[in-house]
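The values are calculated or read from the model by the stated rules, or taken from the named source; none is laboratory data. Everything numeric in this text was worked out from a predicted model, so none of it was measured. No Cβ is skipped: glycine too gets one built from the backbone with ideal geometry, and neighbour counts run over all protein chains shown. SASA here: full protein model, heavy atoms, side chains in, ligands and nucleic acids out. Shrake-Rupley method; radii C 1.70, N 1.55, O 1.52, S 1.80 Å.
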Amino acid sequence: MITFDDVVKVYPGGSTAVDHLSLELPTGKMTVFVGPSGCGKTTSLRMINRMIEPTAGRILIDGKDVAGQDEALLRRGIGYVIQHAGLFPHRTVLDNVATVPLLLGKNRKEARAAALDLLDRVGLAPEFASRYPAQLSGGQQQRVGVARALAADPPVMLMDEPFSAVDPVVREGLHREFLRLQKDLGKTIAMVTHDIDEAIKLGDVVVILRQGGKLAQVGTPQELLDHPADEFVAEFVGRDRGLRSLSFDTAAALPVKPLPDDLVLDDAGRPEGWRTADGVRSTAGTFLTSDSLRLVTDLAIMSPVGIAVRVDAEGKADGVVPHHDLVDHLAARRGQK
Amino acid sequence: MNLSYLFDAAHWSLSTDGSIPQLILSHLWYVVLALIIGTVIALPVGLYIGHTGRGSFLAINAGNAGRSLPTLGLLMLMVTLLGLGLTPVLIALTVLVIPPILTSAYAGMRTLDRRVVDAARGMGMRPSQVLLRVELPMALPVMMSGFRSAALQVVATATVAAAVGLNGLGRLLIDGLAVNDYSRVLAGAIVVAVLAVVLDLILALAQRWIVSPGLSGRFR
Ligand SMILES: Nc1ncnc2c1ncn2[C@@H]1O[C@H](COP(=O)(O)OP(=O)(O)OP(=O)(O)O)[C@@H](O)[C@H]1O
Ligand SMILES: [Mg+2]
């Protein structure tokens, strides 16, 4: 368990990055710090391994104050993953991963064998072992970063935006693998992100900080979604979640109106455009019943007349959704949730 | 172009005093001494300034000040103060090599990715381990380019030794000029140029060998 006991950090120059933070990060669980930029997430994380010293208050790991411990020894016992991986460019992947075991005095052969094992665990084939970081993609580098942090099998891991430097598809994959890994390993993890969706997906516990380093709310993702403590949390948790959640609903239940006269069709019944005062203008795209409500919303916004056009499997227009019908449908949908 | 001096076999015998091989050896001796002394002085200072960020103005200005100092003038001043001998020559040449070595050591340390250094500390490396295992290897390419430019400059400039009665390839230039033997002057100029190119090649090979392929991009 990691305990924040009334921790304060004021940087020289007077900005308060962390303001009287008291928290407990449960053993074997993943606690995710989230909040707007500059709210003190990184500062909070880096005080755990003493990369930053608190101005006041204490941080304890399993009841032991970190302040009394030798910095280097403390850090060797805490896995540390940072954004962009921070790999050593002059060392091979294998030697990067073996770094901490070597610092701890393991012999080179053992350390390398263990490192090879870890590469496998994070989903990297053995042929990556002899490569240099510059020869890896961002996602592969991030995996090596995670393997490196795990190498000495530390009970505690700190991760600062570990998945933010990769594209959404790769991130998705890393999330899945990381959740699987964590299920096996059961590390006590403190992670930072500014992506509330990532926090809700990965965190057992989510800590929401607000500007000025104040604790806004701490709880399980479910608790935060169902019972936000205040306006700030509600807005933060809800910020464009509405729109994103539309991605998960299809247009199947969306009622359509018959085709209006000013929709121009070709001989096969496929929509060509809208007849407007400026001539015929493109429909800006069409949707199928299997498409998401998010796409329909986008089409209604992009359409020159504010109407989304539905087509069947052959591409023939079979109905339209004016944007106010869409709004009514979304309101009804909200009522059901 | 009169290359008769250069291609006269008599000037290439190792045993004759003042032969080209002997002059090359003495020339290299000044070069190597100046580079060693210069490195011993400039490298730690440059690394320290780069590592801590303290005294950056010194590192930046050393480069400019050093370049604008005329080596021959400095040599004459040193001879006036210390008398003839190897010492004033070495002082003048060392002053020449310090700026590029110091500035590049500083630049190498300053320009390396601080996030990597941060990761090294965060993983539990002690400051000396961070320096030796992470910062130095990463700064090496930039440091080597400074060292190579120092070596090139000092090879060309070590000819001044002859102006104060020492040996080195400058003898060919000065003695040749004194007796209007332009073939000898030309031989001196050519040998200095070839020596510079060969030395730079050797250093380039050394750089290839000591800089990690992860940094140079020359992957196996
Ligand atoms: N070394 C420093 N000196 C002075 N102020 C700092 C320093 N590091 C951070 N700060 C300030 O402290 C506050 C918190 O910074 P911190 O890096 O912890 O934010 P963060 O929540 O991680 O933000 P982000 O999401 O942008 O990474 C910010 O206002 C920042 O400007
Ligand atoms: Mg941060």
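Evaluate the following for A:L60: is it away from every other protein chain (no Cβ under 14 Å), away from ligand 2 (no atom under 16 Å from the Cβ) and at pLDDT below 95?
Working: away from every other protein chain (no Cβ under 14 Å): yes; away from ligand 2 (no atom under 16 Å from the Cβ): yes; at pLDDT below 95: no.
No; evaluated as a whole, the condition is false for this residue.
So which residues in the stretch B:106-130 are open to solvent by less than 50 Å² (accessible area, probe 1.4 Å) and away from chain A (no Cβ under 11 Å)? Can you show your working first?
Keep residues of the stretch B:106-130 that are open to solvent by less than 50 Å² (accessible area, probe 1.4 Å), which gives B:106-109, B:112, B:116-120, B:122-125, B:129-130.
Within the stretch B:106-130, B:Y106, B:A107, B:G108, B:M109 meet the criteria.
Can you name the residue in the stretch A:155-173 that is within 25 Å of A:R112 (Cα to Cα) and surrounded by 19 or more Cβ atoms within 10 Å (Cβ to Cβ) and is also modelled with the lowest pLDDT among such residues? If you could, list the steps in order and put the result at the bottom.
Of the stretch A:155-173, the ones within 25 Å of A:R112 (Cα to Cα) are A:155-159, A:162.
Pick out the ones that are also surrounded by 19 or more Cβ atoms within 10 Å (Cβ to Cβ) and you get A:156-159, A:162.
Working: A:V156: 96, A:M157: 96, A:L158: 96, A:M159: 96, A:P162: 90.
In this case the residue turns out to be A:P162.
Consider the stretch A:66-89. How many of its residues are in contact (Cβ under 8 Å) with a residue 40 or more places away in the chain, away from ligand 1 (no atom under 15 Å from the Cβ) and part of a loop (DSSP other than H, G, I, E, B)?
Adding up the residues that qualify gives 5.
Among the residues of the stretch A:18-50, write down those that are part of a loop (DSSP other than H, G, I, E, B) and away from ligand 2 (no atom under 12 Å from the Cβ). I'd like the intermediate steps shown before the answer.
As a first pass, look at the stretch A:18-50 and keep what is part of a loop (DSSP other than H, G, I, E, B): A:26-29, A:35-40, A:49-50.
Matches in the stretch A:18-50: A:P26, A:T27, A:G28, A:K29, A:N49, A:R50.
Looking at A:E314 and the list (1) open to solvent by less than 80 Å² (accessible area, probe 1.4 Å); (2) over 30 Å from A:H227 (Cα atoms); (3) at pLDDT 90 or above, which single condition is not satisfied?
The number of the failed condition is (1).
Please identify the pairs in which a residue from the stretch B:193-216 that is open to solvent by 50 Å² or more (accessible area, probe 1.4 Å) has its Cβ atom under 7 Å from the Cβ atom of a residue that is assigned to a helix (DSSP H, G or I), counting only partners at least 6 apart or on another chain.
Qualifying pairs under 7 Å: B:I210/B:L140; B:L215/B:M138; B:L215/B:P141; B:S216/B:P141.
Kindly evaluate B:A158 against the criterion of being crowded, with 23+ Cβ neighbours inside 10 Å and either in contact (Cβ under 8 Å) with a residue 12 or more places away in the chain or farther than 22 Å from B:V40 by Cβ (or both).
Details: crowded, with 23+ Cβ neighbours inside 10 Å: yes; either in contact (Cβ under 8 Å) with a residue 12 or more places away in the chain or farther than 22 Å from B:V40 by Cβ (or both): yes.
When the stated conditions are applied, B:A158 passes them.
Can you tell me which residue within the stretch A:51-65, out of those that are surrounded by fewer than 19 Cβ atoms within 10 Å (Cβ to Cβ) and in a strand (DSSP E or B), is farthest from ligand 1 (Cβ to nearest atom)?
It comes out as A:K64.
Can you name the residue in the stretch A:156-183 that is within 16 Å of ligand 2 (Cβ to nearest atom) and charged (D, E, K, R) and is also farthest from the other protein chains (Cβ to nearest Cβ) among such residues?
Taking the stretch A:156-183 as the starting set, the residues that turn out to be within 16 Å of ligand 2 (Cβ to nearest atom) are A:158-165.
Subset that is charged (D, E, K, R): A:160-161.
On the way: A:D160: 9, A:E161: 12 Å.
Of everything passing the filter in the stretch A:156-183, A:E161 is farthest from the other protein chains (Cβ to nearest Cβ).
Restricting to the stretch B:11-40, name every residue that is touching a Ser or Thr at 6+ places or on another chain (Cβ under 7 Å) and surrounded by fewer than 17 Cβ atoms within 10 Å (Cβ to Cβ).
From the stretch B:11-40, those touching a Ser or Thr at 6+ places or on another chain (Cβ under 7 Å) are B:11-13, B:19, B:34, B:37-38; that's our starting set.
B:W12, B:S13, B:S19, B:I37, listed by residue number.
Here's the yes/no breakdown for (1) away from every other protein chain (no Cβ under 14 Å); (2) assigned to a helix (DSSP H, G or I); (3) modelled with pLDDT of 90 or more; (4) under 17 Å from B:N2 (Cα atoms):
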| site | (1), (2), (3), (4) |
| --- | --- |
| B:N167 | yes, no, yes, no |
| B:A196 | yes, yes, yes, no |
| B:L199 | yes, yes, yes, no |
| B:I202 | yes, yes, yes, no |
| B:Q207 | no, yes, yes, no |
| B:L215 | no, yes, yes, no |
| B:R218 | no, no, no, no |
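Which condition from (1) within 14 Å of chain A (Cβ to nearest Cβ); (2) in a helix (DSSP H, G or I); (3) surrounded by 20 or more Cβ atoms within 10 Å (Cβ to Cβ) is the one that B:L102 breaks?
Status for B:L102: all satisfied but (1).
Take the residues in the stretch A:4-15 that are more than 8 Å from ligand 1 (Cβ to nearest atom) and in a strand (DSSP E or B), then tell me which one is surrounded by the fewest Cβ atoms within 10 Å (Cβ to Cβ).
Initial filter on the stretch A:4-15 (more than 8 Å from ligand 1 (Cβ to nearest atom)): A:4-8, A:10, A:14.
Cutting the leftovers down to in a strand (DSSP E or B) gives us A:4-8, A:10.
Values: A:F4: 23, A:D5: 15, A:D6: 11, A:V7: 24, A:V8: 15, A:V10: 15.
By that ranking, first place goes to A:D6.
Scanning the stretch A:163-186 for residues that are touching a Leu at 6+ places or on another chain (Cβ under 8 Å) and not in a helix (DSSP H, G or I), which turns out nearest to A:G38 (Cα to Cα)?
My answer is A:F163.
Kindly list the number of the only condition in (1) under 18 Å from the mean Cα position of the chain (by Cα); (2) not in a helix (DSSP H, G or I) that fails for B:G63.
(2)
For the list (1) more than 14 Å from every other protein chain (Cβ to nearest Cβ); (2) free of Cβ contacts under 8 Å to residues at least 24 places away in the same chain; (3) over 20 Å from the mean Cα position of the chain (by Cα), I need the number of the one condition that B:L84 fails.
(2)
Residues checked against (1) more than 12 Å from chain B (Cβ to nearest Cβ); (2) free of Cβ contacts under 8 Å to residues at least 24 places away in the same chain; (3) of a type in the set (D, E, K, R):
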residue: A:K41; (1), (2), (3): yes, no, yes
residue: A:I48; (1), (2), (3): no, no, no
residue: A:N107; (1), (2), (3): yes, yes, no
residue: A:E110; (1), (2), (3): yes, yes, yes
residue: A:L116; (1), (2), (3): yes, yes, no
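Identify the single condition in (1) touching a residue at least 40 places away in the same chain (Cβ under 8 Å); (2) more than 16 Å from ligand 2 (Cβ to nearest atom); (3) of a type in the set (G, A, S); (4) under 30 Å from A:V10 (Cβ atoms) that A:A98 does not satisfy, given that it satisfies every other one.
(4)
If you check A:D197, A:D153, A:D120, A:D95, which single one turns out to be within 12 Å of another protein chain (Cβ to nearest Cβ) and among the acidic types (D, E)?
Details: A:D197 fails: within 12 Å of another protein chain (Cβ to nearest Cβ); A:D153 fails: within 12 Å of another protein chain (Cβ to nearest Cβ); A:D120 fails: within 12 Å of another protein chain (Cβ to nearest Cβ).
None of the others qualify; the one that does is A:D95.
More than 14 Å from chain B (Cβ to nearest Cβ), open to solvent by 10 Å² or more (accessible area, probe 1.4 Å) and farther than 22 Å from A:N96 by Cα: is that true of A:R210 in this structure?
Numbers: more than 14 Å from chain B (Cβ to nearest Cβ): yes; open to solvent by 10 Å² or more (accessible area, probe 1.4 Å): yes; farther than 22 Å from A:N96 by Cα: yes.
Answer is yes for this residue.
Would you be able to tell me the number of residues in the stretch B:15-51 that are within 26 Å of B:Q153 (Cα to Cα) and either at pLDDT below 90 or hydrophobic (A, V, I, L, M, F, W, C) (or both)?
Initially, the stretch B:15-51 is screened for residues within 26 Å of B:Q153 (Cα to Cα), giving B:18-50.
Retained after the next criterion (residues that are either at pLDDT below 90 or hydrophobic (A, V, I, L, M, F, W, C) (or both)): B:18, B:20, B:23-25, B:28-29, B:31-37, B:40-43, B:45, B:47, B:49-50.
Counting residues in the stretch B:15-51 that are within 26 Å of B:Q153 (Cα to Cα) and either at pLDDT below 90 or hydrophobic (A, V, I, L, M, F, W, C) (or both) gives 22.
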